[in-house]
Amino acid sequence: YKFNFMPEVVLAQTKKVFLYNFNVNLYVHSQGIESFAELNEEYIKSIFIKHQSRDMTSYTGDDALLLSGYSSVIRWKKRYHEEMAKNNISGASKFLIKIFSMLERKLTVYGYELAFGKGNFLLMASIDGFRVGDENGDQPLISNTFGMRGNENLSGPTVDIQDFFRETGSEAMTEGEFYVNWLLGRII
């Protein structure tokens, strides 16, 4: 990732970590998806050349894209657009997940910023487990974040979901129906 998730000071008292789980989560907002979908191949190529997470001292010049994942991302992006043109959301989502998985594995956080657009994603990490020597050794640690959480949309996720149903031609539901549906799903 080439990003300092945890400053050394946070783990200064930790001698050992037992039964730990280190999670890194990448959240991409809908604007980030739209931003990436509009990028041309040359721009994506430049992102892969300049912002790969692997050590680039071994890959210079023409072999910079060798095993970088660039060609797979371009192929899947074309398939994503084909599925969107057919209005096949399920098929498009399959390719979008493949694309984002490859971007997450192969690029640095600065590559994400160029691919999704500034403020269109959030990257954060956490460490769960027992830390020997730390006073709060049983408490999870939440990392520094990179990006932006949420957006400036004041209507909230409920209205976004309702708008999605309207746009896809599905039967729209009122806010009350949506909330009752959600509550019943939580209770049952």
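Any read-out appearing in this document is the output of simple, stated calculations on the displayed coordinates, not a laboratory observation. No experiment lies behind these values; they were computed from the predicted model shown. All Cβ positions, glycine included, derive from the backbone under ideal geometry; neighbour counts span all protein chains shown.
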Gain upon complete extension [GLU167, PHE130; 0.36 nm per residue less C-alpha separation]: 8.6 nm
Could you check the simple spin-label distance between SER93 and SER46, using points 7 Å along Cα→Cβ, in nm with one decimal? 3.4
If the cut-off is a Cα-Cα distance under 26 Å, which lysines reach LYS118, setting aside same-chain residues fewer than 8 apart in sequence? LYS2, LYS45, LYS50, LYS77, LYS78, LYS94, LYS98, LYS106
Compute the FRET efficiency between ILE74 and SER30 as 1/(1 + (r/R0)^6), taking r as their Cβ-Cβ distance and R0 = 25 Å, and round to the nearest 0.05. 0.70
